[in-house]
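Structure first, commentary second.
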Amino acid sequence: MKKSVSIIGGGPAALLLAAFLDPQKFNVTIYEKNKTLGRKFLVAGKGGFNLTHSEPIAQLVERYTPSHFLQEALLDFDNHDFQKWIDTMGIPTYIGSSKRIYPEIGIKPIEVLNAILDVLRKRGVTIQYQHTWTGWDSDHNLVFNDAIEVQSDYTVFALGGGSWKVTGSDGTWLELFKTQGIEVIPFKASNCAYGVNWNPDFIDLYEGNPLKNIAVSCGDKSQKGEVVLTRFGLEGNAIYAISPQIREELNDKQNATIFLDLKTTLSYDDLLHKLKKSTLKKTSEKLQKELKMSPAQIGLLKIYLSKETYLNSELLAQNIKKLPIEIMGFALLDEAISTTGGVNLNALDENFELKMLKNHFCIGEMIDLDAPTGGYLLQSCFSMGVYLARHLNSIP
């Protein structure tokens with residue numbers, strides 16, 4: 001006799017779980033609060049639909065904080081496994097210049113989602129829309145919409161984090177978990193903009209300007225890429241990648257210091273040589289013509305450095321390579337691309353089962369993990385879903 005699996009939430013972790021569960025062993029039902037599945041998946045696709053990242057698996061594992069918790073799942077179903085799987089559904093992919101993996105040009109996010117949903121239909125997965133999970137009854141049966149009770153052999157929560165509430169990922173489940181004594185952590189923004197107390201004249205002039213081909217460092221972590229100057233502060237892939245380090249400093253000291261390397265292609269010695277040998281008289285002209293720095297980069301140096309430091313070649317070169325910027329705080333939680341917090345890792349075993357509730361599992365962004373943008377968060381969801389499916393399939 002088949003056993004029942006209830007999956008609560010309809011994001012990427014849930015979809016991959018349902019796609020890999022054995023239909024000969026399980027009756028699988030996805031319960032989704034919205035009228036459609038994968039809303040956050042589709043919203044993410046509007047900004048450039050990178051499905052995962054192509055880097056070697058050993059490097060990919062280290063992108064997560066902490067990395068050890070996901071290691072087995074990532075090794076079991078890695079980025080290339082996902083690429084092969086989705087290709088079998090008629091969604092060919094390619095590796096972009098950033099090493100991210102995208103659907104071939106012309107394939108829209110909704111087509112990717114529909115291809116996955118077609119797999120679920122063929123496997124007999126039932127989808128119940130407009131079913132909001134509202135807790136358990138006294139026998140630990142699931143309750144939806146405060147009235148509908150569902151008995152299930154296995155329950156899998158894939159309820160998402162705390163950002164982009166418009167997609168249904170509102171984090172209200174935290175309170176329901178607390179009532180059962182499950183250890184949870186408040187959500188915090190990750191992969192978000194970070195606040196900087198800009199000089200008003202500077203930001204009036206350079207708001208919206210990108211700082212390209214730079215590196216951002218905080219603590220012991222450095223990331224090359226791009227950031228954008230905003231009225232609030234800084235955002236972009238280079239600063240998103242060091243979110244764990246910035247967040248740790250903000251938690252400890254209420255502010256954090258990042259360092260910008262504004263010229264990653266040149267060493268300090270190279271910079272100093274170019275500055276000193278230049279026949280140009282004005283420092284700004286040297287920066288623009290000899291070092292090919294943008295007006296925004298030059299403006300940043302002018303606003304942060306004293307006149308004496310700016311006109312001193314040695315000190316200027318040092319600051320081009322390591323310009324300190326004070327970070328004052330996070331963007332609003334709902335504006336973040338992703339969040340940390342949720343279910344404490346200590347509350348789960350190696351198969352993502354809640355230690356306090358037998359046959360109840362948690363996967364996806366609702367777990368207290370951190371992943372940078374660039375396909376890493378999606379890959380973690382894909383890998384967790386498949387790993388749990390294979391675990392459940394293996395139970396006699």
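The values are calculated or read from the model by the stated rules, or taken from the named source; none is laboratory data. Every value quoted in this text rests on a predicted model; they were computed, and no experiment measured them. In this analysis, Cβ positions are derived from the backbone assuming ideal geometry, glycine residues included, and neighbour counts consider all displayed protein chains. Protein only, heavy atoms only, side chains kept; ligands, DNA and RNA dropped before computing areas. Shrake-Rupley method; radii C 1.70, N 1.55, O 1.52, S 1.80 Å.
Just so you know, in the stretch 232-249 the residues that are in a loop (DSSP other than H, G, I, E, B) and touching a residue at least 60 places away in the same chain (Cβ under 8 Å) include one that is most open to solvent (accessible area, probe 1.4 Å), and it is PHE232.
As a summary of the residue check, GLN180 satisfies the conditions (1) at pLDDT 95 or above; (2) surrounded by fewer than 19 Cβ atoms within 10 Å (Cβ to Cβ); (3) of a type outside the set (Asp, Glu) except for the one numbered (1).
Got at least one residue in the stretch 250-270 being surrounded by 12 or more Cβ atoms within 10 Å (Cβ to Cβ), of a type in the set (Phe, Trp, Tyr) and part of a helix (DSSP H, G or I)?
Step one: list which residues in the stretch 250-270 are surrounded by 12 or more Cβ atoms within 10 Å (Cβ to Cβ), which gives 250, 255-264, 266-268, 270.
From what is left, the residues that are of a type in the set (Phe, Trp, Tyr) are 259, 268.
Next, only the ones that are part of a helix (DSSP H, G or I) stay: 268.
Yes.
Against the test of being without any contact (Cβ under 8 Å) to a residue 12 or more places away in the chain and open to solvent by 50 Å² or more (accessible area, probe 1.4 Å), the options ILE110, ILE105 yield a single qualifying residue, ILE105. Taking first residues from the stretch 71-82 that are free of Cβ contacts under 8 Å to residues at least 60 places away in the same chain and of a type in the set (Ser, Thr, Tyr) and partners that are assigned to a helix (DSSP H, G or I) and buried (at least 20 other Cβ atoms within 10 Å of the Cβ), no Cβ contact under 8 Å between residues at least 6 apart in sequence or on separate chains turns up. State whether the residues of the stretch 6-22 include one that is open to solvent by 10 Å² or more (accessible area, probe 1.4 Å) and touching a Cys at 6+ places or on another chain (Cβ under 6 Å). Yes: one or more hits. Looking across the stretch 49-73, the residues that are of a type outside the set (A, V, I, L, M, F, W, C), open to solvent by 30 Å² or more (accessible area, probe 1.4 Å) and either assigned to a helix (DSSP H, G or I) or under 19 Å from SER190 (Cα atoms) (or both) come down to GLN59, GLU62, ARG63, THR65, PRO66, HIS68, GLN71, GLU72. Inside the stretch 352-374, residues that are of a type in the set (D, E, K, R) and crowded, with 24+ Cβ neighbours inside 10 Å make up a count of 2. Looking only at the stretch 357-367, residues that are more than 15 Å from SER169 (Cα to Cα) and touching a residue at least 24 places away in the same chain (Cβ under 8 Å) come to 4 in all. When we screen TYR206, TYR194 for residues that are open to solvent by less than 50 Å² (accessible area, probe 1.4 Å), more than 17 Å from the chain's Cα centre (by Cα) and not aliphatic (A, V, I, L, M), the only hit is TYR206. If we keep just the residues of the stretch 302-327 that are part of a loop (DSSP other than H, G, I, E, B) and open to solvent by 50 Å² or more (accessible area, probe 1.4 Å), which is farthest from LEU280 (Cα to Cα)? Among residues in the stretch 302-327 that are part of a loop (DSSP other than H, G, I, E, B) and open to solvent by 50 Å² or more (accessible area, probe 1.4 Å), the one farthest from LEU280 (Cα to Cα) is LYS322. What pairs come up if the first residue lies in the stretch 170-184 and is under 21 Å from LEU333 (Cα atoms) and among the hydrophobic types (A, V, I, L, M, F, W, C), the second is assigned to a helix (DSSP H, G or I) and open to solvent by 90 Å² or more (accessible area, probe 1.4 Å), and their beta carbons are under 9 Å apart, counting only those six or more places apart or on different chains? Listed pairs, sorted by first residue: VAL184/GLU175; VAL184/LYS178.
To keep it simple, each residue is scored yes or no on (1) closer than 24 Å to SER267 by Cβ; (2) modelled with pLDDT under 95.
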{"residue": "ASP204", "(1), (2)": "no, no"}
{"residue": "SER217", "(1), (2)": "yes, no"}
{"residue": "LYS221", "(1), (2)": "yes, yes"}
{"residue": "VAL227", "(1), (2)": "yes, no"}
{"residue": "THR230", "(1), (2)": "no, no"}
{"residue": "ALA241", "(1), (2)": "yes, yes"}
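Do the conditions hold for GLN83, that is, is it open to solvent by 50 Å² or more (accessible area, probe 1.4 Å) and either under 19 Å from the mean Cα position of the chain (by Cα) or at pLDDT 95 or above (or both)? So GLN83 does not fit the description; no. Within the stretch 209-221, the set of residues being assigned to a strand (DSSP E or B), open to solvent by 50 Å² or more (accessible area, probe 1.4 Å) and closer than 15 Å to GLU249 by Cα comprises just one member, LYS221.
This table checks each residue for (1) closer than 30 Å to SER284 by Cβ; (2) buried (at least 20 other Cβ atoms within 10 Å of the Cβ); (3) of a type in the set (Gly, Ala, Ser); (4) touching a helix residue (DSSP H, G or I) at 6+ places or on another chain (Cβ under 8 Å).
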residue: LEU348; (1), (2), (3), (4): no, yes, no, no
residue: TYR376; (1), (2), (3), (4): no, yes, no, yes
residue: CYS381; (1), (2), (3), (4): no, yes, no, yes
residue: GLY385; (1), (2), (3), (4): no, yes, yes, yes
residue: PRO396; (1), (2), (3), (4): no, no, no, no
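Restricting attention to the stretch 74-82, does a residue exist that is in contact with a strand residue (DSSP E or B) (Cβ under 7 Å, 6 or more places away or on another chain) and either part of a loop (DSSP other than H, G, I, E, B) or among the aliphatic types (A, V, I, L, M) (or both)? No, that holds for no residue.
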